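Taking it in order: structure first as structure tokens, then the write-up.
The values are calculated or read from the model by the stated rules, or taken from the named source; none is laboratory data. A quick note: this is a predicted structure, and the numbers were derived from the prediction, not measured. Here the Cβ positions follow ideal geometry from the backbone for every residue, glycine too, while neighbour counts run over all protein chains shown.
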Amino acid sequence: MVLLALATAFGTACKSEPGEAGASCKAKDDCVAGLNCLDGKCTKLEDEAAPEPTGYCATLAALAGSWTFDTTVIGAEDLAPRGINGHFQMTVTVDNCEGKIALTKSGYDDVVFSNKKIQQSDAALSESQLIPHAAEATVSLKGKPTHTMTFVVRDGQLFGYYHYAASEWTRAGMWGHLRGVAAGQDLAEVEDFSAQPCEVRCLTQCDATRRGADATLDEPALAACMTACGGDEPIVGCGPGEPLPDELVVAVNGPVKSLDELCGETTAKLLAANGLEGAGIGRCDRKPKIKDKPTLRKLGKGRLDGSFSTAQLVEVGYFDVGYTGHLILALETEAGWFWTAPLADLSMAGVGGVSVTTQSLTLRPKDLLSAVGREVVAEISVETTDSDLGVNEVSIDDTKRAIVCSAGSPPVCMRVTTDWSSQRTLIDPDVDNDPNKHPDLGGERGEVYIAFLPGDLVSISTPAEARAEDRELAGIYAWPE
């Protein structure tokens, strides 16, 4: 036992301290931390290269830095915001596969925000729920959640998809795609949809956010499109689109040589259809009344960029015992003047309590399709009031329609009712207001959403609780050639 203890003590005392660089060694433990034993010498090795990040972490690494990007509106509650481009600046910081952004919105289209109106938000990044390995953030540019943005980096450029969030989605329903560059570089056109990654094209051409919210999304088709993005033959969205339903197509007449000739022919046909041929009481108002005020709604050649020469809303009608009339859209092309079938009935009986009022008329040029020039978009809101004095009840029906026409010979036009409501109430709530005597009081309303998708596709969607006739219209359609 004494000999064993002496031997142990002697061995411990003889063990040398770890060596510095250049010292002799037999194993790594013979060298100080940071050195390895190589060819019998303690040696500092070159740092081993850190493994390249993959998946979501690779996306964050590519995003780190400062960016300038634009968003473009594809879908919304109506067609008015379509094509509006928002302008943003973003700084992304990344630490150990965790990222956050500082986002600034500085304006839209030609509008530059003043310092007081500039919108800013910080937000954490997370892995996207829409695109594998992409980065996603929900920002609050108005003190509440406003946008959910998905970012992808390809060849040093920023691409992605966005939609409004929370109450902003309920209010405006806007969504679209985005494109940007590193800060200091020239910004590419966000409208160039062909530059977008396959996954963004799938989401856009399937109208994924709106149709997902409405439970009208073809989820298997979207999944197939996203899966095909990894192969050699990508799929176009959720398919090439079905033919536009007959109930959405508006008949177009013409051509004639002038607007005067158009007016003469349309009034003559209206009178003849009602047994008044040759009566000479027809009217063709080139300033239809909006809330009883004559108003010109006309687009000239310069705003239509080569599609039509002129587009104008016209009211055709006549007074007899009451009034019979309707709105049409007159379209001038190189071939002459064309006109649509009636777009809104404005007829009123001469007796009784029915009145019809045009609440609003808008006429806009919009880039919706791939054809040369801009399409014509008309929106018509009409209110019909039917008073039944005998039972102290009044019904008020409001209808808003959107009409879109593209150039051709003849032009192609569609119409869809985008918003409607029907309300029946008491004329005088203080008189004869027994609920048992008025079982039909109440109201209902509905919405239909329309979006023009890249590739000349038209998406019609409705909320899950929509009336059956609206729900049946839901689908993605190909614009007629």
Query raised in the report: Among the residues of region 287-330, which ones are in a loop (DSSP other than H, G, I, E, B), more than 20 Å from ALA407 (Cα to Cα) and within 33 Å of the chain's Cα centre (by Cα)?
Result: LYS287, PRO288, LYS291, THR295, LEU296
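Any chance you could count how many residues in region 174-189 are farther than 14 Å from MET90 by Cβ and in contact with a Gly (Cβ under 9 Å, 6 or more places away or on another chain)?
Of all residues in region 174-189, those farther than 14 Å from MET90 by Cβ come to 174-177, 186, 188-189.
Restricting the remaining residues to those that are in contact with a Gly (Cβ under 9 Å, 6 or more places away or on another chain) gives 174-177, 188.
Matching residues across region 174-189 total 5.
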Report task. Scan region 120-158 for residues that are touching a residue at least 40 places away in the same chain (Cβ under 8 Å) and among the basic types (Lys, Arg) and jot them down. Result -> ARG154
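Could you tell me whether region 182-205 includes any residue that is small (Gly, Ala, Ser), under 20 Å from ALA451 (Cβ atoms) and under 15 Å from the mean Cα position of the chain (by Cα)? Spell out how you get there, then give the answer.
Keep residues of region 182-205 that are small (Gly, Ala, Ser), which gives 182-184, 188, 194-195.
Next, only the ones that are under 20 Å from ALA451 (Cβ atoms) stay: 194.
Filter again for under 15 Å from the mean Cα position of the chain (by Cα), leaving none.
For region 182-205, residues small (Gly, Ala, Ser), under 20 Å from ALA451 (Cβ atoms) and under 15 Å from the mean Cα position of the chain (by Cα): absent.
Residues checked against (1) assigned by TED's automatic domain parsing to the domain that holds ASP78; (2) in contact (Cβ under 8 Å) with a residue 60 or more places away in the chain; (3) surrounded by fewer than 20 Cβ atoms within 10 Å (Cβ to Cβ):
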site	(1), (2), (3)
CYS198	yes, no, yes
GLU219	yes, no, yes
LEU262	no, yes, no
ASP285	no, no, yes
Query raised in the report: Is region 228-251 home to any residue that is assigned by TED's automatic domain parsing to the domain that holds THR324 and over 26 Å from the mean Cα position of the chain (by Cα)?
Result: yes
Report task. Run GLY322 past the list (1) touching an Asp or Glu at 6+ places or on another chain (Cβ under 7 Å); (2) more than 30 Å from PRO255 (Cα to Cα); (3) of a type in the set (Gly, Ala, Ser) and report the number of the one that doesn't hold. Result -> (1)
Query raised in the report: Does VAL153 fit the bill of being under 15 Å from HIS87 (Cα atoms) and either at pLDDT 95 or above or surrounded by fewer than 18 Cβ atoms within 10 Å (Cβ to Cβ) (or both)?
Result: no
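If you go through region 176-204 one residue at a time, how many are polar (S, T, N, Q) and over 23 Å from ALA76 (Cβ atoms)? Spell out the reasoning first.
Going residue by residue through region 176-204, those that are polar (S, T, N, Q) are 185, 194, 196, 204.
Still in the list and also over 23 Å from ALA76 (Cβ atoms): 185.
Summing the residues that are polar (S, T, N, Q) and over 23 Å from ALA76 (Cβ atoms) in region 176-204 gives 1.
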**Report entry** Of residues in region 341-369 being under 26 Å from the mean Cα position of the chain (by Cα) and among the hydroxyl-bearing types (Ser, Thr, Tyr), the one surrounded by the most Cβ atoms within 10 Å (Cβ to Cβ)
**Finding:** THR362
Query raised in the report: Which of the residues that make up region 434-481 are without any contact (Cβ under 8 Å) to a residue 40 or more places away in the chain, over 24 Å from VAL404 (Cα atoms) and in contact with a strand residue (DSSP E or B) (Cβ under 9 Å, 6 or more places away or on another chain)?
Result: GLY442, GLY443, GLU444, GLU465
Report summary line: Among strands (runs of 3 or more DSSP E) entirely within region 433-481, at least 2 residues that are among the β-branched types (Val, Ile, Thr) and buried (at least 16 other Cβ atoms within 10 Å of the Cβ) occur in 457-461
Requested in this report: Search region 308-340 for residues being modelled with pLDDT of 95 or more and of a type in the set (Gly, Ala, Ser), and hand back the single one that is surrounded by the fewest Cβ atoms within 10 Å (Cβ to Cβ).
Outcome: ALA335
Query raised in the report: Somewhere in region 77-93, is a residue outside any loop (DSSP other than H, G, I, E, B) and at pLDDT below 95?
Result: no
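What about VAL391, is it more than 28 Å from PHE193 (Cα to Cα), assigned by TED's automatic domain parsing to the domain that holds ARG286, at pLDDT below 95 and in contact with a helix residue (DSSP H, G or I) (Cβ under 9 Å, 6 or more places away or on another chain)? Walk me through it before giving the result.
Numbers: more than 28 Å from PHE193 (Cα to Cα): yes; assigned by TED's automatic domain parsing to the domain that holds ARG286: yes; at pLDDT below 95: yes; in contact with a helix residue (DSSP H, G or I) (Cβ under 9 Å, 6 or more places away or on another chain): yes.
Yes; evaluated as a whole, the condition is true for this residue.
May I ask you to list the residues in region 439-481 that are more than 14 Å from GLN205 (Cα to Cα) and aliphatic (A, V, I, L, M)?
Let us first name the residues in region 439-481 that are more than 14 Å from GLN205 (Cα to Cα), namely 439-449, 462-474, 480-481.
Result: LEU441, VAL448, ALA464, ALA466, ALA468, LEU473, ALA474.
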Requested in this report: From (1) touching a Pro at 6+ places or on another chain (Cβ under 9 Å); (2) in the same structural domain as GLU334 (by TED's automatic domain parsing); (3) loosely packed, with under 14 Cβ neighbours inside 10 Å, pick out the condition that doesn't hold for SER406.
Outcome: (3)
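A quick yes/no check of all residues on (1) assigned to a strand (DSSP E or B); (2) polar (S, T, N, Q); (3) not assigned by TED's automatic domain parsing to the domain that holds ALA62:
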position	(1), (2), (3)
SER106	yes, yes, no
LYS116	no, no, no
LEU130	no, no, no
HIS133	no, no, no
THR138	yes, yes, no
THR148	yes, yes, no
PHE159	yes, no, no
TYR162	yes, no, no
